[in-house]
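Notes follow the structure.
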Amino acid sequence: MCLDTLRAIARAPETIEIHAAQKSAWPVFEALQTGSIQVVKNLQKHFRTIPTGPWSDAPHTAVVVPIPSNTPDKPAAFMIAGVSVRLKFDAFYRDFFELLRTQVALAIASARTYEEERKRDDKLQKSELRLHESERRYQSLFDSIDEGFCVIELLFDHQQKPVDYRFVEVN
């Protein structure tokens, strides 16, 4: 059961406010505060219609699962999932959602890391292009000077006294 389906056929709001002042069928605020899975029972009480999914029986229970991020106290997302009426919601089922939450968190973190690396690569490429363009302009300017011109690098000893020099550029 996906949130989009619930929103389309139930009284679920278009958006879910996570502040305590907002009354919602989904205990997102509690999941945010505790960092733990929150169980929502009696879905029929909160929603007019519950989709059945692949089975003929609609779920009676759902869970709100906070997906952790790399930033403490700031989840990457919340997952809302229906609990099968054909299975007992016990410690094993909860462990399944914990494992799912870990896998989703890793996927989100990997995607964000990839995106950050891509942005860094783009910035690096742009920086390198600007550097090459600057070097090309410098070389063009340097080569266009009619008079004798050179760039000299001073060489220093261990006491920081100039002891020699070398020509870096000469036109």
On the basis of being touching a residue at least 24 places away in the same chain (Cβ under 8 Å) and farther than 21 Å from T71 by Cα, does R94 make the cut?
yes
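Which residues, taken from the stretch 39-57, are β-branched (V, I, T) and not in a loop (DSSP other than H, G, I, E, B)? Let's see the steps before the verdict.
To start, the set of residues in the stretch 39-57 that are β-branched (V, I, T) comprises 39-40, 49-50, 52.
The answer is V39, V40.
Taking D157 as the residue in question, decide whether it is at pLDDT 90 or above and either over 30 Å from S36 (Cα atoms) or of a type in the set (G, A, S) (or both).
yes
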Filter the stretch 35-48 for residues that are surrounded by 14 or more Cβ atoms within 10 Å (Cβ to Cβ) and either farther than 30 Å from T71 by Cβ or without any contact (Cβ under 8 Å) to a residue 24 or more places away in the chain (or both) and give the result.
L43, H46, F47
Please list, ordered by first then second residue, the pairs with beta carbon atoms under 8 Å, 6 or more apart or interchain, first in the stretch 148-171 and more than 17 Å from Y138 (Cα to Cα) and open to solvent by 90 Å² or more (accessible area, probe 1.4 Å), second aromatic (F, W, Y) and assigned to a strand (DSSP E or B).
L154/Y165; V163/F156
Identify, by number, the condition in (1) of a type in the set (D, E); (2) closer than 30 Å to P54 by Cβ; (3) touching a residue at least 24 places away in the same chain (Cβ under 8 Å) that D143 doesn't meet.
(2)
Looking only at the stretch 59-117, how many residues end up being surrounded by 11 or more Cβ atoms within 10 Å (Cβ to Cβ) and of a type in the set (K, R)?
3
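The values are calculated or read from the model by the stated rules, or taken from the named source; none is laboratory data. Values in this document were obtained by computation on a predicted structure and should not be read as measured data. Don't worry about glycine lacking a Cβ; one is built from the backbone with ideal geometry, like all the others, and counts go over all protein chains shown. Ligands, DNA and RNA are stripped out before the accessible areas are found, and what is left, the full protein with its side chains, is counted by its heavy atoms. Shrake-Rupley method; radii C 1.70, N 1.55, O 1.52, S 1.80 Å.
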